[in-house]
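Dropping a structure here in C-alpha cells format, bear with me for questions.
The values are calculated or read from the model by the stated rules, or taken from the named source; none is laboratory data. It should be emphasised that the depicted structure is a prediction, and the values quoted were computed from it without experimental measurement. Here Cβ is always computed from backbone atoms with ideal geometry, including for glycine, and neighbour counts include all displayed protein chains. Surface accessibility is based on the protein's heavy atoms, side chains included, excluding ligands, DNA and RNA. Shrake-Rupley method; radii C 1.70, N 1.55, O 1.52, S 1.80 Å.
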Amino acid sequence: MIALDQVSKSYDGVSRIINNLSLEVLEGEILILLGSSGCGKSTILKMINRLIDPTEGRIYLDGKDIQQQDPIELRRSLGYVFQGIGLFPHLSIRENISMVPHLLGWPEDRINNRYRELLELVQLSPEIHADRFPDELSGGQQQRVAVARALAADPDYLLMDEPFGALDAITRDSLQQEFLDLKQRLNKTIIFVTHDIIEAVTLGDRIAILHEGRLEQIGTPEEILENPATDFVRELFAKSVKFWKGFKSIS
Amino acid sequence: MKTTSLTDYIIERLPEIWQRIGEHIFLTGISTLTAVFVGIPLGILAFYRPGLRGPLLGIVSILQTIPSLAMLVILLALFQKIGVIPAIVALILYALLPIVRNTLAALQGIAPEIIEAARGIGMTEWQKMRLIRIPLGIPVIMAGIRTASVAGVGIATLAAFIGAGGLGEFINRGLALSNTRLIFLGAIPAALLALLVDFVLGFIEKVCDPKRNRHWSHRFRFALKLSIVLIPLFLLIPVFISFSPWSSQTAGSSEKNETKGINVVRIASKNFTEQLILAEMMAQMIEKRTHLSVDRKFNLGGTIICHEALKRGEIDLYAEYTGTGLMAILKLPAMNNPDEVYHRVSEEYLNRFNLVWLEPFGFNNTYTLTVRKQDAVQNQWKIISDLIPMSSKLVAGFSGEFQERPDGYPGFQEIYGFKFGEVHDLDPGLIYQALAKGAVDVIDGYLTDGRIPAYNLISLKDDKKFFPPYYAAPVVREEVLSAYPDLREALAPLGSLIDNTTMRALNYEVNGNRRGISELVTEFLQDKEVL
Ligand SMILES: Nc1ncnc2c1ncn2[C@@H]1O[C@H](COP(=O)(O)OP(=O)(O)OP(=O)(O)O)[C@@H](O)[C@H]1O
Ligand SMILES: [Mg+2]
C-alpha cells in the first residue's frame, strides 16, 4: 500500500504545487490521478519515487516512510513508465528492458528469459524487435517497451505517467484494452496518471481528481459520477456523462 | 653541388623522413593519449563540480593561448631539460582544452528526460555516467580528441626547436639554411599526417557513435572497439621502444654513455649555418682522430638552450662566441680587446660552470648592421653613423635574440643614440632574404654570413666600436675533457684555422651553392690537411 500523508510540494518556496494532499492507494488497485495539465500529477509520482522530495508531509510504502529508505533501492523496486517514454536511445530494446535486472545483478540467463517473456507480454516479438533501437519502433511500440521496462524486475508497484498520452485515439484504445488484460494477469498496484477522462473511467478502479494542488474527490468512477463532490468535478464530468452512460450499458 | 632531382633528393632522405615521421607520431600520439586520460576525467570533474568549471576551463583556455614557442621555452626552464619531455608536456597542455571542453559539453548535452529516466529506474551517479552520459556523449568527446590530435600534429613541428625531433627537424634545418626544399620536406609530410589523423579519427568517431552502425553484430562492434583501444597502443609500443634510445640520449647524462660501453660525445649547435658547419667540423675531427663516437644534437633553438643543456650535462660541447659568452651568458659589460674578452670568458666559465673554452677557430663573427649594396651606394653609407639622417624612415628586421641582448639593439641605441622607424622581429633564417627582397632596409647580419655576398648585401663598419668581438671557439664540459683527454688534442688543429673570409666562403657554399655540410666539411678539412 502506498500512502501520502499531508504532502505538500513547492518548487519556489512560495506557491504550493501540491497542497496538503493525503491519499491511499490500495493493494492491487489501479488508482487514476486525473487532472488538467500542470496540476502536479507527475510531481506526485516523482515524490513517490524520490526523484524529488516533498516539502512537507510523509509518504509511506507498505507502512515504511520512504525518506528512511535508500533511494536507489526504492527506485529499483518501483516500476516507472515515464511521461514521454524515456527509453535510452543508444540501447537496443533488449538492453532497455534488461537494464533494471542488469542493475540488480541478475544472472545473464535469467535476464535473457525475462526480456523475451516481457516482449511477448506486451505483444512484441523477441525475434523482430529485441535488437531494434527505440527510434526504429512506432510510438505505440515504444510505449509497450516502456511498460515492459517498468515491469522488468517484477515490481509490486507500477507508476505510470500518461503512458498512452502521445498516441492517436485508435492505438490508445487498443493499448488500453491490452493494458486491462495485462492487469488481470499481473495483479499489481498501479498509479496511473492521465488527463483524459475517458481513459480514467475505462481503466480506473478508483479515480483521484486533482485541481490546483488539492484533492477534489477520490472514489470509484460510479461514485464520482453519481455524487460529484465539488463544482469542479461536476463540470469536468458533465461532458462525459453521455459517454459514461453508453459505457455502462455495454458492460 | 649541382641540384639533384627532386626524386633523388627525397629518396636520399627517405630513411630520415621515416624516422622523423615515427618521432612525430610518437610525440603527437603519446601526448594526445595522455591528454585523453587527463582531460576526460577533468571534464567529468568539471561536470560534477560547477564551482570548479570556470577556473578549470579558464586555466586550460589560457594554456591554449600561450604561443607555442613561448610554451616550449617556459617548459624548458621548468624541466631544466631539452628534448622529448618538455615537448610532450607542451603538447599535452595544448590538447587539454578541446578534450576537457568537449567532454563537459557532451555530458551536459544529454536530454534531461533521458537522465531523469536513468535516475528514476534506480541508476547510481556512476552508472548514469558509465551507461548513459558517456556512451551518448562519445561522438562529441571524440570530436574533441580529433581536434586535439590534428592540432597536435601541427604544433609538434615546433618540438624540434628544443631537440625533440619530429618533422620539425627538417623545417628547422630548412630555416637555418634558408633551404625551401628542406622546409617542404618537413611541412608536407606533417600536413599529410594531419589529414590522415583527421581521417582515421573521423572514422573512429563514426564507429563510436551509438546512433550509427548499431546493427553491426555485437561481436563485431566489440572487436572494433577493442581494436580502437589496442591499435594505438600496439602502434605506440614499438615506436616507443625503438625511440627510447633516442629519448634517453636526449635526456641522458655522461654516466649513461659509459654504462652503455661506448664513449659518446654529444655535440650541439645553434640553429644557423655557421654553427652547423663548426659543429660538423668538430664532430668529424673527433670521429677521425679519437675512438669516441659522436652524437649530433644539432639545430637547438639558440644560445640559452645550448648553454643550459651544456651546463646540465645533456650535451658535451658546442661552439660559442666570446662576445656572446661575455654579455649574454655572463652578463658582463662590453669589452673591446679580443684577447681580454677571451681570457675573461675562459676564466669565468671555468669558475662558474666548469666549462672550458678551447682555442678559437680564428674568425670574428660579430654583429654588424647590414644593408642592400645598392642602397649603400646610392646613399653613400659606409659606417653605421651614416644611417642617422634617415634612421626614422628605415625599417629594421632584427632577430629576436638581437632585440633582447645587451650587446644587441638595446645597447646599440644607447651608444649610437638613434632608433629605427620600425623594427620587425624576424627569424634569423629569413632575415637576409627579407632584406634582399626589400621587406626591410636594415638587418642584424653576422659578419661572416655567406648570404651577405650571396644576396648582394653589404655590412656597415661599426664606427663607435659598439659590438664586442665574437670569436668562435669550442666550449666543452671539463668533466668530459678529463674523461677523454684526447678530445682536446683532436680539436687542437681547428685552432686559428679559419679566418673571416674563409668562414664567409664556407657559409656561402652552404647557403648560396646548396652544398651538403658534411661533405663540404670533409673536403675542407682534407684540404687543410688536418683530418
Ligand atoms: N523542476 C521544477 N521547477 C519548478 N517548477 C516545476 C518543476 N517541475 C514542475 N514544475 C511546475 O509544477 C507544476 C506541476 O508540474 P507537473 O509536471 O507535476 O504537472 P503535470 O500535472 O504532470 O502536468 P502534465 O499533464 O502537463 O504532465 C507545473 O506548473 C510545473 O510548471
Ligand atoms: Mg506530467
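Can you pull out every residue in segment A:76-86 that is in contact with a strand residue (DSSP E or B) (Cβ under 9 Å, 6 or more places away or on another chain), open to solvent by less than 50 Å² (accessible area, probe 1.4 Å) and within 16 Å of ligand 1 (Cβ to nearest atom)? First the steps, then the outcome.
Within segment A:76-86, the subset in contact with a strand residue (DSSP E or B) (Cβ under 9 Å, 6 or more places away or on another chain) is A:77-84, A:86.
This time we only want the ones that are open to solvent by less than 50 Å² (accessible area, probe 1.4 Å), so: A:78-82, A:86.
Within segment A:76-86, A:Y80, A:V81, A:F82, A:G86 qualify.
Also, quick follow-up: Given the structure, is B:P139 surrounded by fewer than 22 Cβ atoms within 10 Å (Cβ to Cβ), touching a His at 6+ places or on another chain (Cβ under 9 Å) and part of a helix (DSSP H, G or I)?
Working: surrounded by fewer than 22 Cβ atoms within 10 Å (Cβ to Cβ): yes; touching a His at 6+ places or on another chain (Cβ under 9 Å): no; part of a helix (DSSP H, G or I): yes.
Judged against the criteria, B:P139 is not a match.
Can you tell me which condition A:D12 does not meet? The list is (1) open to solvent by 10 Å² or more (accessible area, probe 1.4 Å); (2) under 24 Å from A:D154 (Cβ atoms); (3) more than 13 Å from ligand 2 (Cβ to nearest atom), and all the others hold.
Going through (1) open to solvent by 10 Å² or more (accessible area, probe 1.4 Å); (2) under 24 Å from A:D154 (Cβ atoms); (3) more than 13 Å from ligand 2 (Cβ to nearest atom) one by one, A:D12 breaks only (2).
Follow-up question, since we're still on this one. What about B:I183, is it aliphatic (A, V, I, L, M), within 14 Å of chain A (Cβ to nearest Cβ) and either assigned to a helix (DSSP H, G or I) or open to solvent by less than 20 Å² (accessible area, probe 1.4 Å) (or both)?
Taking the combined requirement at face value, the residue does not satisfy it.
Turning to a different aspect of this structure: Given (1) within 12 Å of another protein chain (Cβ to nearest Cβ); (2) free of Cβ contacts under 8 Å to residues at least 40 places away in the same chain; (3) of a type outside the set (G, A, S), identify the lone condition not met by A:L87.
Among (1) within 12 Å of another protein chain (Cβ to nearest Cβ); (2) free of Cβ contacts under 8 Å to residues at least 40 places away in the same chain; (3) of a type outside the set (G, A, S), A:L87 violates only (2).
I want to confirm something. Restricting to segment A:57-75 and keeping residues that are open to solvent by less than 40 Å² (accessible area, probe 1.4 Å) and of a type in the set (D, E, K, R), which single residue is nearest to ligand 1 (Cβ to nearest atom)?
Selected residue: A:R75.
Output the residues belonging to segment A:24-50 that are open to solvent by less than 10 Å² (accessible area, probe 1.4 Å), aliphatic (A, V, I, L, M) and either within 16 Å of ligand 1 (Cβ to nearest atom) or over 14 Å from the mean Cα position of the chain (by Cα) (or both).
Residues satisfying the conditions are A:L31, A:I32, A:L33, A:L34, A:I44, A:L45, A:M47, A:I48.
Pick out, from segment B:47-130, the helices (runs of 4 or more DSSP H) lying fully within it that include 2 or more residues that are open to solvent by 10 Å² or more (accessible area, probe 1.4 Å), more than 24 Å from B:G163 (Cβ to Cβ) and more than 14 Å from chain A (Cβ to nearest Cβ). So that I can check it myself, show each step before the final result.
On the way: elements: B:50-65, B:68-79, B:84-108, B:112-120.
Output list reads B:50-65, B:84-108.
Under 6 Å between Cβ atoms, which residue pairs at least 6 apart in sequence (or on different chains) link something in segment A:12-27 that is away from every other protein chain (no Cβ under 14 Å) with a partner that is away from ligand 1 (no atom under 16 Å from the Cβ) and modelled with pLDDT under 90?
Within 6 Å, the pairs are A:E27/A:M1.
I need a count of the residues in segment A:90-110 that are of a type in the set (V, I, T) and more than 10 Å from chain B (Cβ to nearest Cβ). Even if it seems obvious, please write down each step before you answer.
Within segment A:90-110, the subset of a type in the set (V, I, T) is A:93, A:97, A:100.
Adding the requirement that they be more than 10 Å from chain B (Cβ to nearest Cβ) leaves A:93, A:97.
Going through segment A:90-110 one residue at a time, the tally reaches 2.
Within segment A:35-56, can one find any residue that is away from ligand 2 (no atom under 16 Å from the Cβ), in contact with a helix residue (DSSP H, G or I) (Cβ under 8 Å, 6 or more places away or on another chain) and within 30 Å of A:E136 (Cα to Cα)?
Initial filter on segment A:35-56 (away from ligand 2 (no atom under 16 Å from the Cβ)): A:50, A:53-56.
Restricting the remaining residues to those that are in contact with a helix residue (DSSP H, G or I) (Cβ under 8 Å, 6 or more places away or on another chain) gives A:50, A:53-54.
Cutting the leftovers down to within 30 Å of A:E136 (Cα to Cα) gives us none.
No, that holds for no residue.
Here's a follow-up. Considering only helices (runs of 4 or more DSSP H) fully contained in segment B:316-424, which possess at least 1 residues that are surrounded by 20 or more Cβ atoms within 10 Å (Cβ to Cβ) and hydrophobic (A, V, I, L, M, F, W, C)? Quick ask: steps written out before the conclusion?
Values: elements: B:338-353, B:373-379, B:400-404, B:409-416.
Where helices (runs of 4 or more DSSP H) fall fully within segment B:316-424 and carry at least 1 residues being surrounded by 20 or more Cβ atoms within 10 Å (Cβ to Cβ) and hydrophobic (A, V, I, L, M, F, W, C), they are B:338-353, B:400-404, B:409-416.
In segment A:111-144, which residues are within 12 Å of another protein chain (Cβ to nearest Cβ) and under 24 Å from A:D173 (Cα atoms)?
Listed by number, the residues that qualify are A:P134, A:D135, A:E136.
In segment A:67-84, which residues are touching a Leu at 6+ places or on another chain (Cβ under 6 Å) and either away from chain B (no Cβ under 11 Å) or small (G, A, S) (or both)?
Across segment A:67-84, the qualifying residue is only A:G79.
Same structure again: Please tell me if A:E162 is open to solvent by 20 Å² or more (accessible area, probe 1.4 Å), modelled with pLDDT of 85 or more and within 16 Å of ligand 2 (Cβ to nearest atom).
Numbers: open to solvent by 20 Å² or more (accessible area, probe 1.4 Å): yes; modelled with pLDDT of 85 or more: yes; within 16 Å of ligand 2 (Cβ to nearest atom): yes.
Criteria met by A:E162.
Here is a further query. Filter segment A:155-194 down to the residues that are basic (K, R) and within 16 Å of ligand 1 (Cβ to nearest atom) and list them by number.
Kept after step one, since they are basic (K, R), are these residues of segment A:155-194: A:172, A:183, A:185, A:188.
Hit for segment A:155-194 is A:R172, nothing else.
How many of the residues in segment A:2-23 are of a type in the set (S, T, Y) and more than 10 Å from ligand 1 (Cβ to nearest atom)?
The qualifying residues number 2.
Which of the residues that make up segment A:121-159 are open to solvent by 60 Å² or more (accessible area, probe 1.4 Å) and touching a helix residue (DSSP H, G or I) at 6+ places or on another chain (Cβ under 7 Å)?
Once the filter is applied, which keeps residues that are open to solvent by 60 Å² or more (accessible area, probe 1.4 Å) and touching a helix residue (DSSP H, G or I) at 6+ places or on another chain (Cβ under 7 Å), segment A:121-159 yields A:Q123, A:D131, A:R132.
Looking at (1) away from ligand 1 (no atom under 16 Å from the Cβ); (2) under 14 Å from the mean Cα position of the chain (by Cα); (3) outside any helix (DSSP H, G or I), which is the only condition A:V147 fails?
(3)
Another question, if that's okay. It is to be established whether one or more residues within segment A:189-210 are of a type in the set (S, T, N, Q) and within 15 Å of ligand 2 (Cβ to nearest atom).
Kept after step one, since they are of a type in the set (S, T, N, Q), are these residues of segment A:189-210: A:189, A:194, A:202.
Checking the rest, the ones that are also within 15 Å of ligand 2 (Cβ to nearest atom) come to A:194.
The answer is yes, given that some residue of segment A:189-210 is of a type in the set (S, T, N, Q) and within 15 Å of ligand 2 (Cβ to nearest atom).
Do you know which residues across segment A:195-213 are more than 13 Å from ligand 1 (Cβ to nearest atom) and either open to solvent by 40 Å² or more (accessible area, probe 1.4 Å) or assigned to a strand (DSSP E or B) (or both)?
A:I198, A:D205, A:R206, A:I207
Suppose we filter segment B:281-338 for residues that are within 23 Å of B:G362 (Cα to Cα) and among the acidic types (D, E); how many remain?
Qualifying residue count, segment B:281-338: 3.
With the requirement that a residue be over 23 Å from B:V521 (Cβ atoms), open to solvent by less than 10 Å² (accessible area, probe 1.4 Å) and part of a loop (DSSP other than H, G, I, E, B), what does segment B:287-315 give you?
B:G313, B:E314
From the list A:A169, A:A152, A:A148, pick out the single residue that is under 26 Å from A:C39 (Cα atoms), more than 16 Å from ligand 2 (Cβ to nearest atom) and small (G, A, S). Spell out how you get there, then give the answer.
Numbers: A:A152 fails: under 26 Å from A:C39 (Cα atoms); A:A148 fails: under 26 Å from A:C39 (Cα atoms).
Just one listed residue meets the conditions, A:A169.
Could I ask something else about it? Just checking, which of A:P89, A:P54 is surrounded by 22 or more Cβ atoms within 10 Å (Cβ to Cβ), more than 11 Å from ligand 1 (Cβ to nearest atom) and more than 16 Å from the chain's Cα centre (by Cα)?
On the way: A:P89 fails: surrounded by 22 or more Cβ atoms within 10 Å (Cβ to Cβ).
Just a single option satisfies the conditions, and that option is A:P54.
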